[in-house]
Amino acid sequence: LRLLPQQRYLRTERAEVSALERKRNVLCCLISRILKVEKQLHIDSLVFRVIDACQKGQLGPGVQFLSFCCHSVDVLSCILHLLNQGYVRRQEGRPHVLEY
């Protein structure tokens, strides 16, 4: 019979996963919001605008993060996620231009 200490790392992992999911959701919403306004946008411009909005803290109503930092890899990952979900699409002749 052995007594094992409580496994605290499981709670930590759940908290980290939850934070990553929230970050992805915020970025996806921000991408969608920008594309709704612009209708179509070059992928580089979209990445720049999302990163700029994150740095300025313009994440949307009711969204508060004490330290919210995003990189181009995060934004591109969310763009690919939205492409796979069908929320965003590429133009036929110009695949570097995204449409909502």
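The values are calculated or read from the model by the stated rules, or taken from the named source; none is laboratory data. What you are looking at is a predicted structure, and each value in this text was computed from that prediction instead of being measured. Backbone-built Cβ (ideal geometry, glycine too); neighbour counts: all protein chains shown. Ligands, DNA and RNA are excluded from the accessible area calculation, which covers all protein heavy atoms including side chains. Shrake-Rupley method; radii C 1.70, N 1.55, O 1.52, S 1.80 Å.
Can you pull out every residue in segment 39-56 that is farther than 15 Å from Leu76 by Cα, charged (D, E, K, R) and touching a residue at least 40 places away in the same chain (Cβ under 8 Å)? Correct list: Lys39 only. When Ser77, Ser32, Ser45 are screened for being touching a Lys or Arg at 6+ places or on another chain (Cβ under 9 Å), assigned to a helix (DSSP H, G or I), open to solvent by less than 80 Å² (accessible area, probe 1.4 Å) and modelled with pLDDT of 90 or more, only Ser77 passes. When the residues of segment 54-74 are filtered to those that are buried (at least 18 other Cβ atoms within 10 Å of the Cβ) and part of a helix (DSSP H, G or I), the one that is modelled with the highest pLDDT is Asp74.
Kindly indicate whether any position in segment 80-88 is modelled with pLDDT under 90, open to solvent by less than 80 Å² (accessible area, probe 1.4 Å) and either of a type in the set (Lys, Arg) or not in a helix (DSSP H, G or I) (or both). Checked against the condition, which is being modelled with pLDDT under 90, open to solvent by less than 80 Å² (accessible area, probe 1.4 Å) and either of a type in the set (Lys, Arg) or not in a helix (DSSP H, G or I) (or both), segment 80-88 yields no hits at all. Only one entry in Arg14, Arg94 is modelled with pLDDT under 75 and either surrounded by fewer than 14 Cβ atoms within 10 Å (Cβ to Cβ) or not in a loop (DSSP other than H, G, I, E, B) (or both), namely Arg14.
For first residues located in segment 22-36 and free of Cβ contacts under 8 Å to residues at least 40 places away in the same chain and within 10 Å of Val50 (Cβ to Cβ), partners that are open to solvent by 20 Å² or more (accessible area, probe 1.4 Å) and part of a helix (DSSP H, G or I) and lie 6+ apart or on another chain with Cβ distances below 8 Å form the pairs Ile34/Arg49.
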